[in-house]
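Below is one structure; the comments refer to it alone.
Where a number appears in this text, it was derived from the coordinates with a stated rule and is not lab data. On a predicted model such as this, the values are computed, not experimentally measured, just so you know. Heads up, the Cβs are rebuilt from the backbone with ideal geometry, glycines too, and the neighbour counts pull from every protein chain shown.
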Amino acid sequence: MNVILTPQLEELIKMKVASGLYGSASEVLHEALRLLEERDRRHIKELKAEIKKGFDSGKPSPLDMEAIKARSRKRLAAQQTKATG
C-alpha cells in the first residue's frame with residue numbers, strides 16, 4: 001500500500017514520533033485508524049439509536065408540503081418587508 005500525505009500530516013506524524021509517545025510513523029497511523037474506526041462505530045450506534053427513537057415515536061404522518069411552502073413564503077415576505085421598511 002502506498003499512501004501520500006499532505007506536508008502538514010507528515011509533519012504531525014514526525015512530531016508525534018519525536019515526542020516519544022509513538023515509536024514509529026506506523027504506530028501513529030495505527031492509532032489514528034483505530035480512533036477513526038472507534039468514532040465510526042460510535043456514529044453508527046448514535047444513528048441507530050435515533051432511527052429507533054423515530055420508529056418508537058408513533059405512527060408517521062405525511063408532510064403537507066404546500067403548507068410548509070406557504071409558511072416559508074409568508075416568513076420570507078415578512079423578512080423582506082422588515083428589511084426594506
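Using just the C-alpha positions of the chain as equal point scatterers, what log10 of I(q)/I(0) does the Debye formula give at each q in 0.12, 0.18, 0.22 1/Å? Result of the Debye calculation: -0.71, -0.89, -1.09. Annotation for ARG42 and ALA18: the two label points, set 7 Å from Cα along the Cα-Cβ direction, are 2.9 nm apart. What is the spin-label model distance, in nm, from GLU31 to MET65 if the labels are put 7 Å beyond Cα along the C-beta direction? Output for this residue pair reads 5.1 nm.
So between GLU50 and ARG73, what do we pick up on full extension, going 0.36 nm a residue minus the alpha carbon distance? Could the numbers behind the result be given before it?
Numbers: separation 23, 0.36 × 23 = 8.28 nm, distance 3.05 nm.
Separation in residues times 0.36 nm, less the Cα-Cα distance, equals 5.2 nm.
Against the longest principal axis of the chain, how steep is helix 25-56, in degrees 0 to 90 to the nearest 10, with axes from Cα atoms? So the inclination is approximately 20 degrees.
Under unit Cβ charges (Lys, Arg +1; Asp, Glu -1), what dipole magnitude, rounded to 20 debye, does the chain have relative to its Cα centre? Each step should come with its number before you reach the end.
Details: 17 positive and 12 negative charges, 167 e Å.
In debye, rounded to 20, the chain gives about 800.
Measure nothing fancy, just the Cα-based angle from helix 65-84's long axis to the longest principal axis of the chain, in degrees from 0 to 90, nearest 10. Compared with the principal axis, the helix lies near 90 degrees. For the peptides 55-66, 25-36, the ranking by mean Cβ contacts within 10 Å, running from highest to lowest, is 25-36, 55-66.
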